[in-house]
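Only one structure is covered here, and it is reproduced in the block below.
The values are calculated or read from the model by the stated rules, or taken from the named source; none is laboratory data. Because the structure is predicted, anything quoted here is derived from the model rather than measured. FYI the Cβ positions are ideal-geometry reconstructions off the backbone, even for glycines, and counts take in every protein chain you see. Heads up: the accessible areas ignore ligands, DNA and RNA and are worked out on the full protein's heavy atoms, side chains in. Shrake-Rupley method; radii C 1.70, N 1.55, O 1.52, S 1.80 Å.
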Amino acid sequence: MILMYHGIVREADDIPDGREPGASLYDVREEDFREQMEYLHKNGYSVVRMGETALPGTQPVVLTFDDGEANNCLCAFPVLSEYGGPASFFVTVNRVGKKGYMNWKQLRGLLKRGMMIGSHSLNHRILTQINDDELYKELAESKRLLEEHLDGPVEALSVPRGFCNAQVVRMARQVGYRTVFVTDGKDEDGVFTFARTAVKADWPLKRFIAALHRETSVSEKIFSTCKETVRNVLGEQGYDWIRNRLMK
């Protein structure tokens, strides 16, 4: 089970600049995140890095965070430290140091404390809607800058917005990524890519537990089917245009 988080927020936190419409749907409150981590700790789960073996008698769970918001360092990391769990933080590189986002010092601090830092592209563009030269730059330049500032290899990519196809995966492999994380229900390779379950703002603990068991309510299944139908009919660009208007 790979869980995907975004913002871990408190009421007083500033909203980061450059957020896409609808980002707040994935803002998990700090107290809810703590409750979720406590549940994992007390109910037979081991929070591990990709590829690690869980403790005997426990179920492995991998934690990932997208976008690189400052609240990941200020709110999520203290909770992770309390429960002893590692996590992977995927950073939109051209937002590093901007208002509401982690800076290089914070990222280096997470790295020194056992966290993993990966790329969430250079500018958070929809990678399936750009040409190969732009795609190469989004993937290769973000990797280069992260490695330069963090003084170490960066081998994991999280695809922005869940828009992924075989060309994105091929290019990621070409520039040196070893793993690509995508959104739930998406898996373009089976070994090289890893699908995740997005944790949402309105989830009570009961819904979080259901996700750990890969359970989905009937209403969520219907909504997901409708969303995918619209996406297939209109294409990714048309779907994204409608989504942004609705979220605004």
Residues being among the small types (G, A, S) and either in a helix (DSSP H, G or I) or without any contact (Cβ under 8 Å) to a residue 12 or more places away in the chain (or both): count how many of those fall in the range 68-95. 3
When you look at E52, is it open to solvent by less than 50 Å² (accessible area, probe 1.4 Å) and either β-branched (V, I, T) or part of a loop (DSSP other than H, G, I, E, B) (or both), yes or no? no
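If only one of Y39, Y26, Y83 is at pLDDT 95 or above and either among the charged types (D, E, K, R) or open to solvent by 40 Å² or more (accessible area, probe 1.4 Å) (or both), which one is it?
Working: Y26 fails: at pLDDT 95 or above; Y83 fails: at pLDDT 95 or above.
Result of the check over Y39, Y26, Y83: Y39.
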Filter the range 110-127 down to the residues that are surrounded by 17 or more Cβ atoms within 10 Å (Cβ to Cβ) and part of a helix (DSSP H, G or I), then identify the one that is modelled with the highest pLDDT. L110
Just need a number here: residues in the range 1-23 that are of a type in the set (F, W, Y) and exposed (fewer than 15 other Cβ atoms within 10 Å of the Cβ). 0
Within the range 146-165, of all residues that are part of a helix (DSSP H, G or I) and open to solvent by 50 Å² or more (accessible area, probe 1.4 Å), the one nearest to S24 (Cα to Cα) is R161
